């Protein structure tokens, strides 16, 4: 069976930054080169952790092999291993949005994007447009974690367009606060992390 995981390694003392993205990706691939059935798809670097997208092919295990995690210790200590192959339980939209924002505030942008995508696909009209705007924020910060700053700013500009309109609150989110944060980032033309409040 084939498995896909999101693995989180500690970024102790902010040892790595998005500027190191390519070096960290090369190092992780080198550390795991002895595992022919393992492919490291990508890495993203937050101030708290290194997020690694990893596939394991033809495995009989339902977990990441301890040999793999031991090899990864030279990069950072294992914090979390999220099995993306497992189906997740369904929550109402309020809970999904709150969970996505929780992930966003932890700088787990890729996972936040994935969580929101499930309800975005089922939405219509204004709700779909706003959810798309929030998903684009996640996507922009995924690129920020890979030091792709121009791409990040470009996506944030698209996000602001999706969030425009007279709506101030969307579920537990104050859209005006979010747009203000995005406006500041776009004006400075340099992404930086921020937190989204829930009300």
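Do we have any residue at all in the stretch 76-83 that's crowded, with 19+ Cβ neighbours inside 10 Å, outside the structural domain of residue 123 (by TED's automatic domain parsing) and within 20 Å of the chain's Cα centre (by Cα)?
Checking the stretch 76-83: at least one residue is crowded, with 19+ Cβ neighbours inside 10 Å, outside the structural domain of residue 123 (by TED's automatic domain parsing) and within 20 Å of the chain's Cα centre (by Cα).
Wholly within the stretch 95-185, which helices (runs of 4 or more DSSP H) include no fewer than the required count, namely at least 2 residues that are touching a residue at least 60 places away in the same chain (Cβ under 8 Å) and not assigned by TED's automatic domain parsing to the domain that holds residue 54?
Answer list for the stretch 95-185: 109-122, 125-144.
Restricting attention to the stretch 55-69, which residues are in a loop (DSSP other than H, G, I, E, B) and surrounded by 10 or more Cβ atoms within 10 Å (Cβ to Cβ)?
57, 59, 61, 62, 63, 64, 65
Name the residues in the stretch 11-24 that are crowded, with 16+ Cβ neighbours inside 10 Å and either under 16 Å from the mean Cα position of the chain (by Cα) or not assigned by TED's automatic domain parsing to the domain that holds residue 75 (or both), would you?
11, 18, 21
Can you tell me which residue among 97, 134 is at pLDDT 95 or above, surrounded by 20 or more Cβ atoms within 10 Å (Cβ to Cβ), out of contact with any strand residue (DSSP E or B) (no Cβ under 6 Å at 6 or more places or on another chain) and over 21 Å from residue 11 (Cα atoms)?
134
The values are calculated or read from the model by the stated rules, or taken from the named source; none is laboratory data. Note that this is a predicted model, so its numbers are computed, not measured. Cβ: placed from backbone, ideal geometry, glycine included. Neighbour counts: every protein chain shown.
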